[in-house]
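S.K.: Let me begin by handing over the structure; questions about it come next.
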Amino acid sequence: MDPDYSEIFAQASLETNRSEDIEGFLGEKRKMIQPQSLNDPKLEELKTFLIDWINGSLHQEHIVVKSLEEDLFDGLILHHLLARLGDVKLDVEEIALTAAAQKRKLRVVMDALKEKLRLPDEALQKWSVEQIHSRDLLATLHLLVAMAKHFKPSLELPANVSVEVLLLEVSKNGIKSEKMIEYITDQGVVAEDTGNPMDELLKLGPQKVSAVKQAILHFVNKNLSNLGLSVSNMDSQFSDGVILILLIGQLNGYFVHLNEFCFSPTTTAEMLQNVSLALELLKDQGLLQHPIAPEDIVSQDVKATLSVLYALFKKYKNK
């Protein structure tokens, strides 16, 4: 046996937070993401994209997901997503505290998802109750991507996201292993211009950056004037999401009801919920060409804030 395999089994035990001896692996095939793939920027982009999508979808439930591995294993988030996106009502307990109860809940949710998604068996084999409950990142990503593609087909998932995996098959005769590349999202066509225009803008001199910001600021205030609002500091006044939501509504001719967001946020969590809603509205319109984390807007990141406002300015400047 390759001496590295003992470390692999030890790592698998740590990842699932439970002690297993090799007997538990007999007759099974298991995929493990190679450690170097976990640092791939494309994988991080997909994880951030899915977290933003979940938080945007569940903002009315005041649910904030921070980790795909740690926040989805017990079935609560998947239950709410299925109810919100698929209009499916399940007779399961809201919060399952024990491992047995969590697996029962996951099984009910998975069965309902199987009916909704109607995927071929090959696709359904990419995840299972045991894998999701054991915080298997690869299985969790496959499941969420399938849900996003089914319930929100207009979403532009990051393309060409893949990981290197180690496929292990354990038998009484030893261990067979195979390294392979597994794609998580479709292999889309790479556009000629994939750069964020804000990267180029921020490389320009301070005067040019200031001129662009003033043009956007004029655009913002012109469209907020009907509400009696004005913005003087773009770097800070959009950080709680309120003005951004109101601006999106004004540009699209609708008003986001006050019960859908916090009009006077005082905590970071409330600000994140507001910004997540705003980004979800922009994604639904196909305006975000590059993933933006709600945390960046809340923390007053200049590039993130300008990227959002520039997307609105570019589409609606002649309105």
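S.K.: So if I check each of D284, D301, which one is closer than 19 Å to L50 by Cβ and either charged (D, E, K, R) or at pLDDT below 90 (or both)?
M.R.: D284
S.K.: Inside region 54-95, can you point out the residues that are within 18 Å of D136 (Cβ to Cβ), of a type in the set (A, V, I, L, M, F, W, C) and outside any helix (DSSP H, G or I)?
M.R.: V65, L72, F73
S.K.: Every residue in region 236-251 that is without any contact (Cβ under 8 Å) to a residue 12 or more places away in the chain and open to solvent by 10 Å² or more (accessible area, probe 1.4 Å), please.
M.R.: Once the filter is applied, which keeps residues that are without any contact (Cβ under 8 Å) to a residue 12 or more places away in the chain and open to solvent by 10 Å² or more (accessible area, probe 1.4 Å), region 236-251 yields only Q237.
S.K.: Give me a count of the residues in region 257-277 that are open to solvent by 70 Å² or more (accessible area, probe 1.4 Å) and at pLDDT below 90.
M.R.: Going through region 257-277 one residue at a time, the tally reaches 3.
S.K.: Oh, and also: Going by the structure shown, is I54 open to solvent by less than 30 Å² (accessible area, probe 1.4 Å), β-branched (V, I, T) and without any contact (Cβ under 8 Å) to a residue 60 or more places away in the chain?
M.R.: no
S.K.: Have a look at E280, E295 and point out the one that is closer than 18 Å to S57 by Cα, open to solvent by 30 Å² or more (accessible area, probe 1.4 Å) and not in a loop (DSSP other than H, G, I, E, B).
M.R.: Of the residues listed, the single one that is closer than 18 Å to S57 by Cα, open to solvent by 30 Å² or more (accessible area, probe 1.4 Å) and not in a loop (DSSP other than H, G, I, E, B) is E295.
S.K.: Can you find even one residue in region 59-67 that is surrounded by 15 or more Cβ atoms within 10 Å (Cβ to Cβ) and at pLDDT 90 or above?
M.R.: Scanning region 59-67, I find at least one residue that is surrounded by 15 or more Cβ atoms within 10 Å (Cβ to Cβ) and at pLDDT 90 or above, so the answer is yes.
S.K.: I would also like to ask the following. Being among the basic types (K, R) and part of a helix (DSSP H, G or I) narrows it down to one of K203, K222, so name that one.
M.R.: K222
S.K.: Yes or no: region 158-166 includes at least one residue that is closer than 29 Å to Q289 by Cα, surrounded by fewer than 19 Cβ atoms within 10 Å (Cβ to Cβ) and touching a Gly at 6+ places or on another chain (Cβ under 9 Å).
M.R.: yes
S.K.: Taking the condition outside any loop (DSSP other than H, G, I, E, B), surrounded by fewer than 20 Cβ atoms within 10 Å (Cβ to Cβ), at pLDDT below 90 and of a type in the set (K, R), does K105 pass?
M.R.: no
S.K.: Still on this structure: Let me spell it out: the conditions are (1) open to solvent by less than 50 Å² (accessible area, probe 1.4 Å); (2) under 23 Å from S57 (Cα atoms); (3) outside any helix (DSSP H, G or I), and Y254 meets all of them except one. Which number is the exception?
M.R.: (1)
S.K.: Can you pull out the residues in region 129-173 that are farther than 19 Å from I51 by Cβ, at pLDDT 90 or above and part of a loop (DSSP other than H, G, I, E, B)?
M.R.: S134
S.K.: Got a number for residues in region 280-297 being hydrophobic (A, V, I, L, M, F, W, C), under 17 Å from S236 (Cα atoms) and out of contact with any Phe, Trp or Tyr (no Cβ under 8 Å at 6 or more places or on another chain)?
M.R.: Result for region 280-297: 2.
The values are calculated or read from the model by the stated rules, or taken from the named source; none is laboratory data. Note that the structure is a prediction, hence the values are computed from the model and not measured. Using ideal geometry, Cβ is built from the backbone for each residue, glycine included, and neighbour counts are taken over all protein chains shown. What goes into the accessible areas is simple: the full protein's heavy atoms, side chains included, and nothing from ligands, DNA or RNA. Shrake-Rupley method; radii C 1.70, N 1.55, O 1.52, S 1.80 Å.
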